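Everything on this sheet refers to the single structure shown next.
The values are calculated or read from the model by the stated rules, or taken from the named source; none is laboratory data. Small disclaimer: the values here were computed from a predicted structure and weren't measured. Every residue, glycine as well, gets a Cβ built from its backbone with ideal geometry; the counts of neighbours run over all protein chains shown. Ligands, DNA and RNA are stripped out before the accessible areas are found, and what is left, the full protein with its side chains, is counted by its heavy atoms. Shrake-Rupley method; radii C 1.70, N 1.55, O 1.52, S 1.80 Å.
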Amino acid sequence: MSEPTHDGGGERTREQEGTPAREGAPAGDRGGADEDAALRAATGALVYGFALSRVTAAFVRLGIPDALAGTALPAGRLARATGTHEPSLRRLLRAAAALGLLTVRPGGRYELTLLGELFRDDPRLRRLAELYGEPAVWGAYGALEDAVREGGSAFQHAHGTGLFAALEADRPLAGRFTEAMGTVTAAQTAPVVSGFDFGGVGHLVDVGGGDGTLLAALLRAYPRMRGTLLERPAALAAAPRVLRAAGVADRCALVEGDFFAAVPAGAGGPADACLLKNILHNFGDDDCVRLLRACRAALRPGGRVLVPAPVLPEAGGGSGDGGGGGTRGEADVALALSDVEMMVLTAGRERTLGEYRALFARAGLALPAGAPAVLPGLPHHHMLEGRNEDGYGTEEARDAAAVRR
């Protein structure tokens, strides 16, 4: 996204001060023809953005990038390769070419552009396109207005059930979800591993850690560390392969279970730390407190609950410290859209540091004073450290801590 141009160095116009432009006023009165055209182009992207996403998802899910790997094919052969209706495929290919995913060679042969190649070569882009192309996912976005009007998740409004219940019932959806989340974790693994010192952790329990991508990387980086991966069965199924490939399977226990019921520490005894990555933002406050308490029960005295998470700026605090790199504008948009996505797909949300402090305090965990560690390369992401300290064990102490913070 581009930044607004300067105001010309003279007096600010009525529109720049917030007064609407006159109906039918010349473009120059509204900031110039170029600015007017740019604004109109931006509105087109805002209104039709959903269509671009659907075209891209169909392009990927129909297997077009794979069919065109290293070659150029006419529409007829491409239709046979992808099992699609040729006249309809031609229309999709025209749109994909207009979006820059394809180029048309002499003789009407279609070839991937560099942009199109990304959706074949980059697992994260591919898996996310496949997931957001799932009817259950994009259909939930259609109920965003209902969620805003009435509360609750848009997914629940659209489908009559929550996302995680749907994942348990729909194996293909669960598979796409697990694969997509695995690629997101893979992209975030290096900043977490390099941006925080896990040296004092002998036994780490990764709670809801998916296929074990992050835990495997940590076990490789810290040869004396032992790990326990707690997950639902569908997600845990992929973990043995990931752990074996990293050469750390012998130092990691796999545990199936419901982390709201209990967080077992495995055969290694009480944990030095529990890791909750991309978990808390999926749930409402009360469920987060239940989960944090379950983690606390699995810790040794002085143990920690580690939460790498995006942190919203406090109300009225502007854009806040983006941290970690990237442009602030892009980071702010990504953070805001992530918060909306939590409303669409889950009962959770992104939170401010103050809101996290209140959750941790209710669970009997103390977040250190001051700003938490920034994770480099992940804008707005920090490592929250909730410590299992004395004086937080009673309900009264937790309530008092929440009030103080």
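For segment 233-316, give the percent of accessible area contributed by carbon and sulfur heavy atoms, probe 1.4 Å, rounded to a whole number.
Details: 1940 of 3510 Å².
Of all accessible area on segment 233-316, carbon and sulfur atoms account for 55 percent.
Roll a 1.4 Å probe over the protein chains and send me the accessible area per residue for segment 211-280 in Å². Working shown, then result.
On the way: 2990 Å² over 70 residues.
With the other protein chains kept in place, segment 211-280 gives 43 Å² per residue.
Net charge in the neighbourhood of residue 130 (other residues with Cβ under 9 Å of its Cβ; Lys, Arg +1, Asp, Glu -1) is +2.
Whenever you get a sec, compute what percent of the accessible area on segment 37-174 sits on carbon and sulfur atoms (1.4 Å probe). Here it works out to 57 percent. Accessible area per residue for segment 34-176, computed on protein heavy atoms with a 1.4 Å probe, is 56 Å². Loop-located chymotrypsin sites (Phe, Trp or Tyr not before Pro) in segment 232-309 (DSSP state other than H, G, I, E, B) with a sparse environment of at most 13 neighbouring Cβ atoms within 10 Å: 260.
Compute the signed sum of charges (Lys and Arg +1, Asp and Glu -1) over the other residues within less than 12 Å, Cβ to Cβ, of residue 245. Don't skip to the answer; put the middle values down first.
On the way: positive: 220, 241, 244; negative: 211.
Residues near residue 245 contribute +2 overall.
Shown is the FRET efficiency for residue 334 and residue 80, computed with R0 = 45 Å from the Cβ-Cβ distance and rounded to the nearest 0.05: 0.70. So if I take the centroid of the Cα atoms in segment 256-301 and the same for segment 107-178, what is the distance between those two points in Å? One Cα centre to the other: 28 Å.
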